[in-house]
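The values are calculated or read from the model by the stated rules, or taken from the named source; none is laboratory data. It should be emphasised that the depicted structure is a prediction, and the values quoted were computed from it without experimental measurement. When we count neighbours, we look across all protein chains shown, and the Cβ atoms used for this are built from the backbone with ideal geometry, even at glycine. These accessible areas exclude ligands, DNA and RNA; they are computed on the full protein's heavy atoms, side chains included. Shrake-Rupley method; radii C 1.70, N 1.55, O 1.52, S 1.80 Å.
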Amino acid sequence: MADEFKHLVLVKFKEDVVVEDILKQLEKLAHEIDVVKSFVWGNDTESHEMLTQGYTHAIIMTFNSKEDYNTYVSHPKDVEFSAFFVTVIDKAVVLNFPAVSFKASS
């Protein structure tokens, strides 16, 4: 049984982009749209480039349900941000999936 719904994006930003500014915009967006349960991002610092295939950042949003995710992606603020986001990335992989937990954190 799925406990949550995840939105995972692996991304390589364009060279001339100020990544921190984009991530701050994403943080603001996640805060403003209340169906986002959590938002985390990270910059890969440990993997060999051959394994990352050039992707440098991971972005993960968590929702309570697929319905909440659908509400998020249809929200006008996300639609606007997504149109901007595609202009600042070199490439991306996106996975949307129900998350199955097998060990709860304590």
Within region 21-35, backbone nitrogen closer than 17 Å to the virtual label 7 Å beyond the Cα of Asn70 toward Cβ:
35
What lysines sit close enough to Lys24 to cross-link, taking a C-alpha to C-alpha distance under 23 Å and skipping anything fewer than 8 places away on the same chain?
Lys6, Lys12, Lys14, Lys37, Lys77, Lys91
Could you bin all the Cα-Cα distances of the chain into 5 Å bins starting at 0 and give me the percent of pairs in each, rounded to whole numbers?
2, 11, 20, 24, 19, 13, 8, 2, 0
Once R0 is set to 30 Å, what does the formula 1/(1 + (r/R0)^6) return for the Cβ-Cβ distance between Ala83 and Thr52, expressed as a FRET efficiency to the nearest 0.05?
0.70
Reported to two decimal places, what Rg/Rh ratio describes region 7-58 when computed on Cα atoms with Rh from the Kirkwood expression?
1.01
Gain in span if fully extended, Asp21 to Ser38, counting 0.36 nm per residue against the direct Cα distance
4.2 nm
With +1 on each Lys and Arg Cβ and -1 on each Asp and Glu Cβ, and nothing else charged, work out how big the dipole of the chain is about its Cα centre, in Debye to the nearest 20.
240 debye
For the chain, what does -39500 (n - 2.57) per DSSP helix run (n ≥ 4), summed and divided by total residues, give at 222 nm, in deg cm²/dmol to the nearest 500?
-11000 deg cm²/dmol
Heavy-atom accessible area per residue - the chain, 1.4 Å, Å²:
68 Å²
Taking all protein chains as present, what is the carbon and sulfur share of the accessible area of region 1-59, in % to the nearest whole number, probe 1.4 Å?
52 percent
